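Remarks on the structure that follows.
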Amino acid sequence: MTLQGKNILITGGGVRLGRQMALALARAGANILLHYGKSTSEAQDTAAVIQSMGRQAWLIQADLSNMEASVSLVEKARKQGPIFAVINNASIFEPLRLADVDPDNWQRHLDINLSAPFFICQSFFNGLGPDEKGRIVNMLDWRALRPGVDHLPYTISKAALEALTRTLARSMAPRVVVNGIALGAVLPPVDGSPTDRIIEPVPMKRWAQLEELDQTILFLMDGPEYITGEIIHLDGGRHLV
Ligand SMILES: NC(=O)c1ccc[n+]([C@@H]2O[C@H](COP(=O)([O-])OP(=O)(O)OC[C@H]3O[C@@H](n4cnc5c(N)ncnc54)[C@H](OP(=O)(O)O)[C@@H]3O)[C@@H](O)[C@H]2O)c1
C-alpha cells in the first residue's frame, strides 16, 4: 500500500488510457492530480469516479501546446501538497507523411509530445523538497525506434521523448526515477482507422488488455526504485518484428 495518500499528476487523465491509469492508481490508494485539455466533462466524470473510491482528485486544465501553461501546471498541482509522481501521457497523433508535414504541425507535435513533458519534469524536479523523492513515467510508443512512413512528426517526438527519458534518469538520479512505457496496440485510435490490420504483425496476435496497462503503471509507480532509465514495451512483441 505504498501509494496510499500519495499525489500523482497525470496529463491527459480524463479520457482513454490516461483515465485508465488514473483509476488504477486511485484504486491502489493514490490521489490524482488530473490534468486535461479540452475534455472537461470526461475529466469531471473521471474525477467523480476517483472521489467515489474515497480518494482525492483535483482537476487542472492546461493547453500543453503552451509552454508557460505546462510549467504552471506543476505549480498549480503542488498547491495540493507534495507531488510523488508524474505521468506524461497527453499526446497528439496525427497521420502525417513526409509530404504533409509543415512547420505548424511539426512544431505542434514537438510542443505537446516532447517540450511539455520536458518542462513538466523539470518543474517537478526543481520543486522537490530536500528530502523528497519521486517517480516519472513517460508514455512512449514501440514505433518510436522502428519508424514507418506515416505519423512522421509523432514518431520523431516519441523517439525524442524516449531519449529524454534516459537522459532525465541520469540527470535526476538518485532522487527521481524516470522510466517509459512503450505501448503497442492498446486502444484503437478515435479516428476510426481499421483495427484488425493493426494486430496482424503482433507476435502475441491480440490487443493488450487494459489490466496489463494497469499492472505496468503500478509496477513502475510502486515497484523497485532501482529500475531507472528503462523502457518497458507493452506491445505484444511488436518492436521485435
Ligand atoms: N492508444 C494506444 O493504443 C497507444 C499506442 C501507442 C502509444 N500510446 C500512447 O499512450 C498515451 C495515451 O494514448 P491514448 O490513445 O489514450 O491518447 P489519446 O486518446 O490521443 O489522448 C490524448 C490525451 O492527450 C491530451 N491532449 C492532447 N493535446 C493536448 C493539449 N494541447 N493540451 C492538453 N492536453 C492535450 C488529451 O486531453 P483532452 O482530451 O482533455 O484535450 C487526451 O487526454 C499517448 O501518449 C500515446 O502516444 C497509445
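What order, most packed first, do the peptides 24-30, 115-121 have when packing is the mean number of other Cβ atoms within 10 Å of each residue?
Details: 24-30: 20.9, 115-121: 23.1.
Packing proxy ranking, top to bottom: 115-121, 24-30.
Restricting to DSSP H runs of at least four residues, report the calculated mean residue ellipticity at 222 nm for the chain, -39500 (n - 2.57) per run over all residues, nearest 500 deg cm²/dmol.
On the way: 8 runs with 94 residues, N = 241.
Result for the chain, helices only: -12000 deg cm²/dmol.
Counting only other residues whose beta carbon sits under 14 Å from that of Tyr226, what net charge do I get with K and R as +1, D and E as -1?
Working: positive: Lys133, Arg135, Arg175; negative: Asp222, Glu225, Glu230.
Spelling it out: positives minus negatives among the neighbours equals 0.
Sort the following peptides by mean Cβ neighbour count (other Cβ atoms within 10 Å, averaged over residues), highest first: 76-82, 16-22, 93-99.
On the way: 76-82: 15.3, 16-22: 23.3, 93-99: 12.6.
My ranking of the peptides, most packed first, is 16-22, 76-82, 93-99.
Suppose a student asked you for the relative contact order of the stretch 7-240, using Cα pairs under 8 Å spaced at least 6 residues apart; what percent would you report? All intermediate terms of the calculation are to be shown ahead of the outcome.
Working: 418 pairs, mean separation 42.2, N = 234.
Relative contact order here is 18 percent.
Counting only pairs 8 or more residues apart or on different chains, how many lysine pairs in the chain have their Cα atoms under 25 Å apart?
Close lysine pairs found across the chain: 9.
How do the peptides 201-209, 57-65 rank, highest first, by the average count of neighbouring beta carbon atoms within 10 Å per residue?
Values: 201-209: 13.6, 57-65: 18.8.
In descending order of packing, they fall as 57-65, 201-209.
Decide, for the chain, between rounded, prolate and oblate: order the square roots of the alpha carbon gyration tensor eigenvalues as a ≥ b ≥ c, take rounded if a/c falls under 1.5, and otherwise choose prolate if a/b is larger than b/c, else oblate. Could you put the intermediate results ahead of the total?
Numbers: a/c = 1.43, a/b = 1.34, b/c = 1.06.
Note, shape of the chain comes out rounded.
Computed from the coordinates by the stated procedures, all read-outs in this text should not be read as laboratory data. Since the structure is predicted, the reported quantities are computational estimates derived from the model, not experimental observations. Cβ atoms come from the backbone with ideal geometry, glycine included; neighbour counts cover every protein chain shown.
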